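Below you'll find the structure, written out as structure tokens, and then a few comments.
The values are calculated or read from the model by the stated rules, or taken from the named source; none is laboratory data. Because the structure is predicted, anything quoted here is derived from the model rather than measured. As a convention, Cβ positions derive from the backbone with ideal geometry for all residues, glycine included, and neighbour counts pool all protein chains shown. Heavy atoms of the whole protein, side chains included, go into the accessibility calculation; ligands, DNA and RNA do not. Shrake-Rupley method; radii C 1.70, N 1.55, O 1.52, S 1.80 Å.
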Amino acid sequence: MIEFKNVYKKYENNNNTAINDLNLQIKDGDFFVLVGPSGSGKTTTLKMINRLIKQTSGEITIDGKNIDDFNLQEMRLQMGYVLQNIALFPNMTIEDNITIQPESLKWSKEKRHQVAWDLLEKVGLDPDKYAKRLPNELSGGEQQRVGIVRALASNPKIVLMDEPFSALDPISRNQLQELVLKLHAEMNMTFVFVTHDMNEAVRLGNTIAIMRLGHLEQIGTRDEIVHNPKNNFVNGFFKNQQNDDKKLKLIIDSQDCQQVDRQQADLSEEDNVSDLAGLLKIQDFVLVKSSDERVWKLTTQSLLNYLARDGE
Amino acid sequence: MSGIIHIFKTQGNDILNSIGQHISISLVSLLIAAVIAIPLAILLMRHKRAAEFILNVTSVLQTIPSLALLGILIPLVGIGTVPSVIALVVYAVMPIFQNTYSGLTTIDPNLEEAAEAFGLSRSKKLLKIEIPLAMPMIISGLRIAMVMIIGTATLAALIGAGGLGTYILLGIETNNNSLLIVGAVLSAILALIFSALIRGISKLSLRKIGIILATLVVLVGGVAGYRVIAQPKTTITIAGKMGSEPEILINMYKDLIEQDNPNIKVTTKANFGGTSFLYKALKSGSIDIYPEFTGTVLESLVKTKKGATHDPEATYELAKKLLKSQEDLEYLKPMKYENGYAWWLRRVSLRNII
């Protein structure tokens, strides 16, 4: 369990307190999402867990032990970390990138190889094809898959993810959200995930903490947050994004599209109309999966019809 | 052009020797400079102020003209290869240090953060990430340094370290453009070849580069060590000034001495340098004998109010006396061979004079 007790963070060149009396607990095996607008202190909170940022006062503990009492290197070797801009090491092959922590942990060559192969397979990248490639030969989505694999390779108890999908296109983002949900279900790890996207938070998080200006506005399970927003800010933050991001479900429900006999889809019905519009710019139609696992074909016409109706 | 071909036909071996000397001086200098500059940059990569101080120091060193630097070094370390290598190292440190330093300090901060967050040790971070990522910059620093070294190394001939500069100096002194071109073009070609070689090396992995460097160090060290060990006990070094007459003379001496006493090994250093370099070398013991004009001794080497006279005998006696008293040097008897001058004039000029 990770616990924050009366944690403050003040940057020297800034009068505002970045984190103001933060108290929270992250349970083992949780999928914990920190969500909030920019400047809310969510990334600062995440980076205080692996001591990339040092708190000004207060105490952070892991399993009851103050993180300052851990050997920094050993502690970090036991944590996975996924960065927003992926940051695969461009001079190393995919396999070497993945096994960088296991190598520091002095795992045998066979064991490292095995882990890289297993995990690549798990995230849908053919190891024989990808392991020996360099990062710049991969697409953004593929690279972040490797970024996730790299964070899982040392079989850590805690994995920290700092807005890992915000730089990706809607298709990749959607696929990767599914992937981390699957990985979290299969592996016994605590995921701490930072995002500014409320929809992503609701889709991924078991526990969601909403932050603003260094304060915790509300913390609770997904249902509590969705059904009982504590104050206007939470409600507004949620609503705003809900309104901004209209769901494709609406188009599918209006029957303004055809069902097709496919398994793979580009988007899910939980994705936004803006994602659809983005994709239609580069392809003729988009395949969307609805919650009952049926796949629908949406065209520019469907989008226009929807918008026309919406204007009524 | 036919002059150049003639030079290659008649002096092919000497040219090869000079190229060898040139390459070994340059490589040794580059290696020493790299061994100083690269670790220094790694040490200082997190200390911006110290790094900038070093950068300023190396930049100042860079502004000293190479001739002046060689001049400063002669009284300190004598003549020959050592001062040449020191001077070249002084020049090469700055581009290597600067490039290594900026290569290491301009790595994407996200990659630094990632390495930090994964808990990599300082050395692992350096070897696996920072140095490989800075490698292109380090290599380009080495290339700049190498081209500079090969160019500047032509001046080493001035202080008796040999190399391709010998041909340039000789060409200037004897008004032989073909020789000058041979020296200049060959050193330019060497610079191009080595620049390309270093670029080739940069494509290899860090481990292979290490192996190549280690092999080079062992080779260069081995050759130098062999030379020291292999030198026989009694060696007499005879040097000559620039030009063909001194070279003929010193080889005649060599033959005569070795005929007289086969246990003595005589090494000759033809085209060793200008008058003052040879004189300093003689005084410092770097060479044992060199042929010198009696007139030159009186005019430029010893301190005297009287100049040379028209009487060869009297001039020799005076020069011998002064060399003995002032520098404790022995001036051997003049040879039968005498160097005289003749005047060539056009008929028109002659008429004007008369």
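Considering only protein heavy atoms, what per residue accessible area in square angstrom results for the protein assembly as shown with a 1.4 angstrom probe? Spell out each step's value before the answer.
Values: 34880 Å² over 666 residues.
Roughly 52 Å² per residue, with all protein chains present.
Based on the Kirkwood radius over alpha-carbon pairs, what value in µm²/s does the Stokes-Einstein equation return for the translational diffusion coefficient of region A:1-160 at 20 °C and 1.002 mPa s? Display every interim value, and only then the final one.
On the way: Rh = 17.1 Å.
D = 125 µm²/s.
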**Item:** For region B:114-136 versus region B:282-297, the gap between their alpha-carbon centres in whole angstrom
**Value:** 57
**Prompt:** Restricting attention to the alpha-carbon atoms of region A:248-310, what are Rg (one decimal) and Dmax (integer), both in Å?
**Reply:** 10.3, 30
**Request:** Quick one: divide the alpha-carbon radius of gyration of region B:1-130 by 2.2 N^0.38 Å and tell me what you get.
**Result:** 1.48
**Request:** Report the normalised scattering of the protein assembly as shown as log10 I(q)/I(0) at q = 0.09, 0.10, 0.11, 0.12 Å⁻¹, calculated by the Debye formula with identical scatterers on the alpha carbons.
**Result:** -0.88, -0.99, -1.12, -1.26
**Message:** Please report the net charge: other residues with Cβ closer than 14 Å to the Cβ of A:Gln264, K and R +1, D and E -1.
**Reply:** 0
**Asked** At each listed q (0.08, 0.14 Å⁻¹), what is the log10 of I(q)/I(0) that the Debye formula gives for chain A modelled as equal alpha-carbon point scatterers?
**Response** -0.40, -1.14
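With solvent modelled as a 1.4 Å probe, how much accessible area in total do chains B and A shield from it at their shared surface, in Å² to the nearest 100?
Details: alone 21210 and 15420 Å², together 34880 Å².
So the total buried area for this chain pair works out to about 1700 Å².
Could you work out, residue by residue across B:117-130, how many beta carbons of other chains sit within 10 Å of that residue's beta carbon, and then give the average as an integer?
Values: counts 15, 15, 16, 7, 3, 1, 0, 4, 1, 0, 0, 7, 5, 1.
Mean shielding count: 5.
Could you please report the charge total around B:Ala115, scoring K, R as +1 and D, E as -1 over all other residues with beta-carbon less than 12 angstrom from its beta-carbon?
Values: positive: A:Arg76, A:Arg150, B:Arg122, B:Lys124, B:Lys125, B:Lys128; negative: B:Asp108, B:Glu112, B:Glu113, B:Glu116, B:Glu130.
Overall, the nearby charge balance is +1.
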**Complete:** On the accessible surface of the protein assembly as shown, probed at 1.4 Å with all protein chains in place, carbon and sulfur together account for a percent value of 55
**Prompt:** Long-range amide H contacts for A:Trp296: which residues qualify at under 5 Å (H placed 1.01 Å from N, peptide plane, sequence gap of 5 or more or a different chain)?
**Reply:** A:Val260, A:Val288, A:Lys289, A:Ser290
**Complete:** The answer for B:Ile287, listing residues at least 5 apart or on another chain whose modeled amide H is closer than 5 Å to its amide H, is B:Leu282
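Over the Cα atoms of region B:264-354, compute the convex hull volume and normalise it per residue, giving Å³.
Details: hull volume 14.9 nm³, N = 91.
Measuring per residue, one finds 164 Å³ for the Cα hull of region B:264-354.
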**Message:** From the helices alone, meaning DSSP H stretches of at least four residues, give me the mean residue ellipticity at 222 nm for the protein assembly as shown, per-run term -39500 (n - 2.57), in deg cm²/dmol to the nearest 500.
**Reply:** -17000 deg cm²/dmol
**Message:** Per residue, how big is the convex hull of chain B when only Cα atoms are used? Give it in Å³.
**Reply:** 208
**Asked** By a straight-distance test (C-alpha under 24 Å), which lysines pair with B:Lys125 as possible cross-link partners, with residues fewer than eight away in the same chain excluded?
**Response** A:Lys47, A:Lys54, A:Lys106, A:Lys109, A:Lys111, A:Lys132, A:Lys157, B:Lys48, B:Lys203, B:Lys208
